[in-house]
Amino acid sequence: MRVYVVEDYDRLSKKAAQIVASQIRLNPSSVLGLATGSTPLGMYKELIKMHKEEELDFSEIKTFNLDEYYMLNKDNPQSYHSYMYENLFKHVNINRKKIYIPNGMNENIEEECLRYEREIEKAGGIDLQILGIGRNGHIGFNEPDLKFEALTHLVQLDDDTINANSRFFQDLDDVPTKAISMGIKTIMHSRKILLLANGKEKAVAIKNTLTGEIKPEVPASILQLHPDIVVIVDKETAQSLNIDRNCNKLV
Ligand code: F6R
């Protein structure tokens with residue numbers, strides 16, 4: 001595990017975008033796993049800039065999003081489908097047929113989850129998975145106490161997650177309480193992982209994730225076992241981590 005501590009959110013976004021861009025340049029038909037939420041917004045802006053100014057080419061890229069709200073129409077401005085189009089897809093030359101986001105409106109959820117897993121498999125697996133982290137240590141929407149084994153499944157969101165997500169909705173009652181999410185097992189199958197976190201409200205989650213016991217109560221702690229993970233945090237998030245700045249390793 002490599003941990004980069006950067007000055008601020010701006011540097012975090014630039015560094016994350018450079019890593020994603022390197023992946024795309026090394027393998028132009030990479031399969032990317034994408035996250036939504038506030039954390040990757042700056043990285044998506046940087047990637048759009050690289051597309052416009054440096055001809056970063058998305059035409060052969062395939063993408064799989066981590067999650068989508070259950071029973072929220074994809075055209076709803078709060079859906080993760082809308083988020084992805086607004087914040088990345090409509091600004092780059094991605095082939096729309098190569099974009100995969102769970103369909104939260106499929107009434108047969110089991111079928112939808114299986115279909116999603118099958119599509120990931122058909123694509124040859126995820127080359128680089130981007131992750132944010134919840135204050136409670138969730139990745140994707142794998143909340144504390146879920147078993148580590150899960151593949152893509154329907155999740156009941158924690159109150160803390162619903163409260164955190166409510167900042168994007170007019171009313172707390174409008175916030176979906178369920179989502180379809182890749183499972184921990186799906187995430188762990190990715191060949192490379194890039195975990196991003198900024199701000200002091202993520203400090204405890206990151207400390208528990210990187211240095212705590214590996215347990216389902218801190219879903220992200222399983223990432224300690226992933227063979228190829230890069231973590232980028234800002235100074236506020238890193239406040240209680242001991243990092244050897246020479247090799248960017250935890251000490
Ligand atoms: C988003 C996702 C979530 C978020 C997490 C952090 O697709 O799967 O795990 O990454 O809730 O959200 P932000 O970045 O808004 O703090």
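The values are calculated or read from the model by the stated rules, or taken from the named source; none is laboratory data. In this text, all values refer to a predicted model and were calculated from it rather than measured experimentally. Neighbour counts run over all protein chains shown; Cβ positions are idealised from the backbone, glycine included. Surface accessibility is based on the protein's heavy atoms, side chains included, excluding ligands, DNA and RNA. Shrake-Rupley method; radii C 1.70, N 1.55, O 1.52, S 1.80 Å.
What to note about this one:
- Close amide H pairs (under 5 Å, H built 1.01 Å from N) link Val231 with Arg2, Val3, Tyr4, Leu195, residues at least 5 positions away or on another chain.
- Karplus-derived HN-Hα couplings along the stretch 232-241 (A = 6.51, B = -1.76, C = 1.60, θ = phi - 60°), whole Hz, x at Gly and Pro: 10, 10, 8, 4, 5, 5, 7, 3, 10, 9
- Ranked from largest, the principal axis spans of the Cα set of the chain equal 50, 42, 35 Å.
- For the residue pairs Lys74/Lys207; Lys122/Lys202; Lys90/Lys122; Lys98/Lys235; Lys49/Lys178; Lys74/Lys185, the alpha carbons lie more than 31 Å apart in Lys74/Lys207; Lys122/Lys202; Lys98/Lys235; Lys49/Lys178.
- 3J(HN,Hα) couplings calculated from phi for the stretch 60-70 with the Karplus curve 6.51 cos²θ - 1.76 cosθ + 1.60 (θ = phi - 60°) are, in sequence order, 9, 5, 10, 10, 10, 7, 5, 7, 8, 5, 7 Hz; Gly and Pro show x.
- Working note: 222 nm ellipticity from helices only, DSSP H runs with n ≥ 4, each -39,500 (n - 2.57), summed and divided by the residues of the chain, gives -9000 deg cm²/dmol to the nearest 500.
- Share of pairwise Cα separations in the stretch 1-40, more than 13 Å, in percent: 62 percent
- Gyration tensor analysis over the Cα atoms of the stretch 1-102 returns equivalent ellipsoid semi-axes of 22, 17, 13 Å (largest first, whole Å).
- Sorting Ser22, Ser181, Ser166 by accessible area puts them as Ser22, Ser166, Ser181; the probe is 1.4 Å, largest comes first, and only protein heavy atoms count.
- Kirkwood Rh and Cα Rg combined as Rg over Rh, evaluated for the stretch 150-191: 1.11
- Using the Cβ-Cβ distance between Ser240 and Asn163 with R0 = 30 Å, the FRET efficiency computed as 1/(1 + (r/R0)^6) comes to roughly 0.80.
- Summing +1 for each Lys or Arg and -1 for each Asp or Glu among the other residues whose beta-carbon sits under 14 angstrom from that of Lys147 gives -2.
- Overall form of the stretch 31-158 per C-alpha gyration tensor (a/c, 1.5; a/b vs b/c): prolate
- FRET efficiency, 1/(1 + (r/R0)^6) with R0 30 Å, evaluated for Ser82 and Asn27 via beta carbons: 0.60
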